[in-house]
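Read the figures in this text as sums done on the coordinates, not as results from a lab. The structure displayed is predicted, hence computed values, not measured ones.
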Amino acid sequence: MKIAIQGELGSFSHQAALGFFPGCEIVACALSAEVFERLERGEVDAAVVPIENSLAGPVAEHYDLLLTHDAAIERESMLRIRHNLIGVPGAKLEGLRKVISHPIALAQCRRFLAGQPHIQVQPFYDTAGSVKQVMEQKDATLAGIASAQAAAEYGGEIVRMNIEDNPENFTRFHVVRRAGECAADPAANKISLAFALENKQGTLVKALEKLAAAGADLTKIESRPVPGKPWEYIFYVDVRYAEPAVADKALAALRAHCPMVKELGRYKAA
């Protein structure tokens, strides 16, 4: 299978994709929009995208892309994010002078880096890309912060493992397929929805009341601005349910109340 991800090979998305599809062929894309475009064109079988990190919050762009593309969520998983300090083979902590990585990864390893005053910290566009850069430069004073997958992918050596500040660091990933091609899961107990509301007082409260009345358990709500319409929003919700009839009832209740409702996927909660 061909699976599209955003970012370099060796990224956490790469690791998550292998968890879903062992032995798959990874198609690395520079931009998230390219991931969804390749999926729509049929160049890949599915995509694996991060949707939310337990510390950094939601990946807003992926909500927007799920809404605007003919795609749906098929599955989800939780990946424990373990940051590693990775250098060229033989690199030592005391010999390092610069560490590069994505700004979020650097922020999540702040305490470890603060304890290394001899190391300069510099933001980089990607975690796995930082290791790729280290290996291309072959500089024993330079290191990246990334997954163990990145070390394996580029032949780097882990200088220090698990340097993240908070062990409760998880990212939720979605498997996304072309709409209509998702495999139905009899164990599905979660539905993701996007909806718009009239700009009137109390409309959001009424929409949420309708979900509650249908017996649905709202587990997440997110809002995103509507391009070209200042101060208007699309709302994204995740809803848990005990039986499929509850999901159908919740969907019908929203459609009766909202000018736009899109079902983004039904799947088993991770």
Between Ala269 and residues 5 or more places away or on another chain, the pairs with built amide H atoms under 5 Å apart involve Asn189, Lys190
A correct Karplus calculation of ³J(HN,Hα) over region 107-112, with 6.51 cos²θ - 1.76 cosθ + 1.60, θ = phi - 60°, whole Hz and x for Gly and Pro, returns 5, 7, 10, 4, 5, 4
Mean-square fluctuation check for the chain, GNM, Cα pairs under 10 Å: which of Gly156, Gly215, Gly87 is largest?
Gly215
Quick one: among Val134, Val226, Val99, which has the greatest mean-square fluctuation in a GNM of the chain with alpha-carbon springs under 10 angstrom?
Val226
Relative contact order (percent, whole number), the chain, Cα cutoff 8 Å, 6+ residue spacing
23
Relative to the compact globular guide of 2.2 N^0.38 Å, what is the alpha carbon radius of gyration of the chain, as a ratio?
1.12
Using amide H atoms built in the peptide plane, which far-off residues or other-chain residues are under 5 Å from Glu74 H to H?
Val175, Val176, Arg177
What's the center-to-center distance, using Cα atoms, between region 78-123 and region 1-56 in Å?
24
With the 8 Å Cα cutoff and a minimum separation of six or more residues, region 127-224 has a relative contact order in percent of 15
Provide the per-residue ³J(HN,Hα) series for region 101-106, in order, calculated from phi with Karplus coefficients 6.51, -1.76, 1.60 and θ = phi - 60°, each as a whole number of Hz, with x at glycine and proline positions.
5, 4, x, 5, 5, 4
DSSP beta bridge pairing in the chain, given as percent antiparallel to the nearest 5
75
Which residue, Pro227, Pro58, Pro167, has the most motion in a Gaussian network model of the chain that connects Cα atoms within less than 10 Å?
Pro227
